[in-house]
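Engineer: Okay, handing you the structure first.
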Amino acid sequence: MECGTRGLRCSPEYSASNIVATQRLLVAAESVGVRRFVLASSSSVYGNTDRPSREDDPPLPLSPYGVTKLAAENPCRVHTERRDTTMTTVILRYFTVYGPRQRPGMAISKVLSAALTGERLPMYGSGDQRREFTYVADIVDATVAAAVAPDSVDGVVLNGAGRECVSLLDVIRLAVEITGNEVPMIEKPVQAGDVEVSHADHTLAQQVLAYRPKVGLREGITRQARWMADHVGVALSLESMVVIR
């Protein structure tokens, strides 16, 4: 989730990095004897939902980014149907991953940057948009589990998600509590392609990979805030931050 949509102007870049690159990586991986290819897909393929998304729900992406991530899944599906290869595939649909080293344009990075530096946060719409935020260490666990799963786990689509589905306003409130600073904002209109709710059904990933996310949102945001304070040149007293044990 960015503080704004992944817009139409970016679609050629997304086509190259998601569709073309996936096909090239599949060919390269097979040529050197890789046993398992794990694709990092996205919750964006689902579009708007009124309940937790299941892997067999019809995909209805609302943005060029979501369209290209869905298209990137197709070469994996085609590969799975081949009889002349031993390489297997798993598709993981990541749900709004965050944590230390997150790139600056993503929502939690922008919120924490506003809290730590005083720069104004662009707020697109009301802030009631809800996401299931997934801490980076948890999605790493899911990806490793997918990579080492038995060969019988082939051609499977799985949700890689966190523990809580919350609004952007909830994230802002947590950032204020954790840093002890307000988050100044500037209002912006709702951006096309930004879904209202992205929420995951965890059942299949639990059954197939024994995947259970461990890091809650408060702990994860605290870790990211500490990392940003240490690495982004932010003057912040760590004494004032909530310590999560």
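The values are calculated or read from the model by the stated rules, or taken from the named source; none is laboratory data. Model, not experiment: these values are computed from the prediction. Note that we place each Cβ from the backbone using ideal geometry, even for glycine, and neighbour counts take in every protein chain shown. Remember, those area values only see protein heavy atoms, side chains included, never the ligands or the DNA or RNA. Shrake-Rupley method; radii C 1.70, N 1.55, O 1.52, S 1.80 Å.
Engineer: If one puts a single equal scatterer on every Cα of the range 116-219 and applies the Debye formula without solvent, what log₁₀ I(q)/I(0) results at q = 0.12 Å⁻¹?
Structural biologist: Rounded to two decimals, the profile gives -0.54.
Engineer: Using Cα springs under 10 Å in a Gaussian network model of the chain, which residue among V183, V38, V144 shows the largest mean-square fluctuation?
Structural biologist: Of V183, V38, V144, the Gaussian network model singles out V144 as fluctuating most.
Engineer: Ignoring ligands, DNA and RNA, what percent of the 1.4 Å accessible area of the chain is carbon and sulfur?
Structural biologist: Reported share for carbon and sulfur atoms: 54 percent.
Engineer: Related question: Compute the orientation-averaged projected area for the chain from the convex hull of its Cα atoms and round it to one decimal in nm².
Structural biologist: 13.6 nm²
Engineer: Now for a different question. For the range 206-222, just list the computed ³J(HN,Hα) in residue order, Karplus coefficients 6.51, -1.76 and 1.60, θ = phi - 60°, integers in Hz, with x standing in for Gly and Pro.
Structural biologist: Result, ordered by residue: 5, 5, 7, 10, 6, 7, 9, x, 10, 9, x, 5, 4, 5, x, 5, 4 Hz.
Engineer: Once you have the Cα-Cα distance between T86 and S15, take 0.36 nm times their residue separation minus that, and quote the gain in nm to one decimal.
Structural biologist: Full extension from T86 to S15 adds 22.8 nm.
Engineer: For every other residue with a beta carbon closer than 13 angstrom to the beta carbon of V136, add +1 if it is Lys or Arg and -1 if Asp or Glu, then tell me the sum.
Structural biologist: My count for the surroundings of V136 gives +1.
Engineer: Tell me which residues come under 5 Å, amide H to amide H, from V197 once H is placed; ignore anything under 5 positions away on its chain.
Structural biologist: T49, R130
Engineer: Then there is this: What 222 nm value per residue comes from the helices of the chain, counting each DSSP H run with n ≥ 4 as -39,500 (n - 2.57) and dividing by all residues, nearest 500 deg cm²/dmol?
Structural biologist: The per-residue figure over the chain is -11500 deg cm²/dmol.
Engineer: Within the set of other residues whose C-beta is less than 14 Å from the C-beta of R35, count the net charge using Lys and Arg as +1 and Asp and Glu as -1.
Structural biologist: That works out to -2.
Engineer: Also, I was wondering about something else. Tell me, what is the FRET efficiency for E182 and R218 to the nearest 0.05, using R0 = 22 angstrom and their Cβ-Cβ distance as r?
Structural biologist: 0.75
Engineer: Hey, another quick one. What are the residues whose amide H is under 5 Å from the amide H of N159, where those residues sit 5 or more places off or on another chain and H is modelled from the backbone?
Structural biologist: Amide H neighbours of N159, under 5 Å, 5+ apart: R93, A205.
Engineer: Compute the separation of the alpha-carbon centres of the range 131-188 and the range 72-110 and state it in Å as a whole number.
Structural biologist: Answer, in whole Å: 14.
Engineer: Out of residues 5 or more away from E164 or on other chains, whose amide H comes under 5 Å of its own, with H placed 1.01 Å from N in the peptide plane?
Structural biologist: Here F133 satisfy the definition.
Engineer: Here's something else I'd like to know. Only loop residues by DSSP count here, and only those with at most 13 other Cβ atoms within 10 Å; note down the GluC sites (Glu not before Pro) in the range 142-226 that meet that.
Structural biologist: Those that pass, being in a loop and sparsely packed, are E182.
Engineer: Return the loop-located trypsin sites (Lys or Arg not before Pro) in the range 95-186 (DSSP other than H, G, I, E, B) with at most 14 other Cβ atoms within 10 Å of their own Cβ; answer none if there are none.
Structural biologist: Within the range 95-186, the qualifying trypsin sites (Lys or Arg not before Pro) (loop, at most 14 other Cβ atoms within 10 Å) are R101, R120.
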